[in-house]
Amino acid sequence: MSYAHVSTVSFNHTEDAQKKGSSGMCDHFQDEVLFRGGKTTLDNERSVFNFELDNKVYKSRLRLRKWLIGLLIFLFVSLIIINTFNTDQFRAARYGAIINDTSQESYVELKSYFASITNSGFVVRNKGCRIPAMDPFDSAITRYGNECFKFKNSTAVNTEFVKVECSRNNEMIYKDYHAFVPRFRSVENKCKKARAASSRNEHLSVLIIGLDSISRLNFHRMMPKTVHALQELEAVELLGYTKVADNTYPNLVPVLSGLSESELHDLCWQNKNKPFDDCPFIWKNFSASGYRTGFGEDACGMTIFNYLKRGFRTQPTDYYLRPFCIASEKDIGNTHKLNANLCVGTRKTFENLLDYAKKIALQFHRDPYFAMIWQASLTHDFFNYPQLGDISYYNLITHLSNERLLNQTALIVMSDHGMRWGSFRQTYQGRMEDSLPFVFIVLPRWWREKYQIAWANFRRNTRSLTTAFDLHETLIDMLHSESLEESRLKARFKAMPKNDNLPRGISWFLPIPDYRTCSMAGIASHWCMCHNSYDVPLEDEGLRDKAVFLVSELNNMLKKFVQCAVLKLKEIKAAKAWKGEEGEKSQLVDYTITIQTEPGDAIFEGTIRYRSEDKTNKLVGSVSRLNAYGKQSACVDEFNMRLYCYCL
């Protein structure tokens with residue numbers, strides 16, 4: 001297993017250079033100094049032993065000292081091995097010269113429209129679902145490379161990531177990190193071989209630009225220029241796109257694998273200490289078909305597969321930004337707000353990510369590629385902050401269009417859910433928006449003309465109930481476009497099971513039946529926005545019993561965590577009852593209840609399904625945490641339990 005490296009470039013500072021970066025000492029350098037200091041002390045002590053202690057005492061203490069040093073070395077090496085699970089490597093490079101790529105491989109296995117309120121008042125209105133329309137007003141990098149390449153003006157870069165330092169009079173006054181997308185011989189050979197085995201002559205690349213925690217309505221509110229840019233490209237917006245789980249990870253697992261969180265767990269991630277290398281993520285499908293693959297995130301402390309998880313043992317895609325993310329944010333990350341550094345050096349963190357997307361699109365615009373770029377630093381924690389990125393995202397999309405980088409590419413701009421906590425989330429509209437993220441898809445004109453039936457179905461589905469499971473099936477169809485030929489598309493629709501046997505995931509290039517309900521689509525009642533609801537008075541008879549039941553379910557989940565307090569009901573803050581979907585029996589009523597517990601004053605929201613026939617309660621879906629928990633739950637390391645635990 002190889003360790004992470006970063007090429008360092010330094011240059012002499014001229015008089016007009018400005019101090020821009022932040023300075024700092026890397027952890028491994030600190031460790032090295034401490035270790036060397038310990039060694040010097042050991043040498044001194046040996047001298048003392050030789051002069052002052054008899055031979056028997058000396059040998060006894062020497063054995064103890066050797067044992068302690070051996071233990072220290074074992075722990076140090078163990079830490080390095082553990083860190084390699086979450087970090088891959090920076091590539092070493094020689095500037096101004098052509099590198100033998102095989103030597104590099106040893107380092108890298110490694111119109112302005114908002115969906116206006118229609119006469120009916122719904123964005124989705126069919127037999128199975130009605131959704132009302134609303135107005136929108138890891139760890140550290142180990143062992144940096146030792147190579148440093150000095151230059152004064154410019155130098156050629158032949159590697160993925162570089163660290164640049166500027167010094168004057170032997171004092172470092174500037175530091176920055178840069179990411180590049182070079183072509184690697186091994187990747188190109190792999191793609192060439194896979195494409196040669198395929199009989200297809202065309203390809204459709206896929207570029208996914210993700211924005212964490214933005215509802216469809218908030219995207220229109222906060223980023224109108226970006227919305228306008230997408231509309232100018234005739235993007236299709238899925239107005240009924242609904243989340244299937246609480247937070248980012250379980251809402252993106254279906255996109256990437258077609259599986260639910262629990263299904264992925266049972267298949268390939270049976271415990272939290274196991275990496276995700278064996279999981280069937282969709283970039284593997286694209287890679288096997290000769291596509292270059294890339295995956296990049298910011299806010300590396302809370303990334304999809306690394307927050308309280310082990311990530312990947314080997315890098316999952318041909319191009320993987322996590323090593324750059326860790327090194328740059330740790331070294332020169334600044335302006336830390338809640339969960340993320342908003343800036344890296346003098347640049348906004350998310351703009352590094354957009355630059356990386358631009359470089360991928362430019363490098364491979366004539367070749368097949370699949371890339372997913374997921375941004376959280378700007379949008380995860382603050383309801384109003386997305387507006388600060390509107391111009392940047394607008395510029396990216398217009399650049400991709402103006403430079404014709406989308407001629408062979410499907411552009412998908414999407415989110416995972418809306419804002420999940422805070423005062424707005426505790427309102428009715430806040431609840432609606434949490435469950436209704438956004439998806440825009442831009443397809444090349446030649447593709448739309450060639451697959452006219454698929455394109456017509458896609459536009460028709462804009463007002464259907466849709467999910468991440470559907471998006472996965474749509475991505476599969478983008479990869480295997482031969483399945484979208486008119487005759488095959490009609491045959492697929494004719495063969496599709498109907499009514500209660502409707503598939504959970506349906507490609508958006510097929511007609512989605514109008515009788516589809518949340519349960520058919522794999523959406524738990526707690527997240528379903530298709531129901532008709534009414535407010536329940538807080539003094540309603542039986543409501544407190546349901547609230548107490550909700551607290552008991554929370555305590556059952558926390559039972560094995562003895563370090564967490566037993567929760568008690570402090571207050572019922574709000575409640576709604578939801579009429580069942582078409583076809584459900586009338587004795588079932590879902591109550592969505594917002595409660596406050598003690599200790600800790602946590603605010604939770606859960607849906608309890610009450611069956612009048614036998615007077616039983618059942619928790620439906622997961623329980624949402626509506627206010628921030630900060631460090632209240634720092635004593636547990638299971639990511640889903642951090643929402644609920646109050647540490648004793």
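The values are calculated or read from the model by the stated rules, or taken from the named source; none is laboratory data. Bear in mind the structure is a predicted one, so any value in this text is a computation, not a measurement. Please note: Cβ atoms are built from the backbone with ideal geometry, for glycine as well, and neighbour counts cover all protein chains shown.
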Gly522 passes all but one of (1) on the phi > 0 side of the Ramachandran plot; (2) exposed (fewer than 14 other Cβ atoms within 10 Å of the Cβ); (3) not β-branched (Val, Ile, Thr); which number fails?
(2)
Filtering helices (runs of 4 or more DSSP H) wholly in the stretch 178-239 for at least 3 residues that are surrounded by fewer than 19 Cβ atoms within 10 Å (Cβ to Cβ) gives 185-196, 224-232
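Every residue, every condition in (1) assigned to a loop (DSSP other than H, G, I, E, B); (2) on the phi < 0 side of the Ramachandran plot, yes or no:
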| site | (1), (2) |
| --- | --- |
| Leu256 | no, yes |
| Asn273 | yes, yes |
| Trp283 | no, yes |
| Gly290 | yes, no |
Sort out which residues of the stretch 384-423 are in contact with a helix residue (DSSP H, G or I) (Cβ under 9 Å, 6 or more places away or on another chain), surrounded by fewer than 19 Cβ atoms within 10 Å (Cβ to Cβ) and charged (D, E, K, R), and write them in order of number.
Asp390, Glu403
When Lys243 is evaluated against the numbered criteria (1) surrounded by fewer than 17 Cβ atoms within 10 Å (Cβ to Cβ); (2) modelled with pLDDT of 95 or more; (3) part of a loop (DSSP other than H, G, I, E, B); (4) not acidic (Asp, Glu), which criterion, by number, is the only one it fails?
(1)
So which of Ile453, Ile476 ends up being under 22 Å from the mean Cα position of the chain (by Cα), assigned to a helix (DSSP H, G or I) and surrounded by fewer than 22 Cβ atoms within 10 Å (Cβ to Cβ)?
Ile476
Enumerate the strands (runs of 3 or more DSSP E) found wholly within the stretch 309-426, keeping only those where 3 or more residues are in contact with a Gly (Cβ under 9 Å, 6 or more places away or on another chain), within 24 Å of Thr248 (Cβ to Cβ) and in the same structural domain as Ala235 (by TED's automatic domain parsing).
340-344, 369-375, 409-414
Considering Ala628, Ala634, which residue is out of contact with any strand residue (DSSP E or B) (no Cβ under 9 Å at 6 or more places or on another chain), within 30 Å of Leu338 (Cβ to Cβ) and either at pLDDT 90 or above or not hydroxyl-bearing (Ser, Thr, Tyr) (or both)?
Ala628
Say whether the condition of being buried (at least 22 other Cβ atoms within 10 Å of the Cβ) and assigned to a loop (DSSP other than H, G, I, E, B) is met by at least one residue in the stretch 439-447.
yes
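One line per residue, one yes/no per condition, for (1) at pLDDT 95 or above; (2) under 15 Å from Ile412 (Cβ atoms):
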| site | (1), (2) |
| --- | --- |
| Ala454 | yes, no |
| Thr467 | yes, yes |
| Leu475 | yes, yes |
| Leu479 | yes, yes |
| Ser487 | no, no |
| Trp508 | yes, yes |
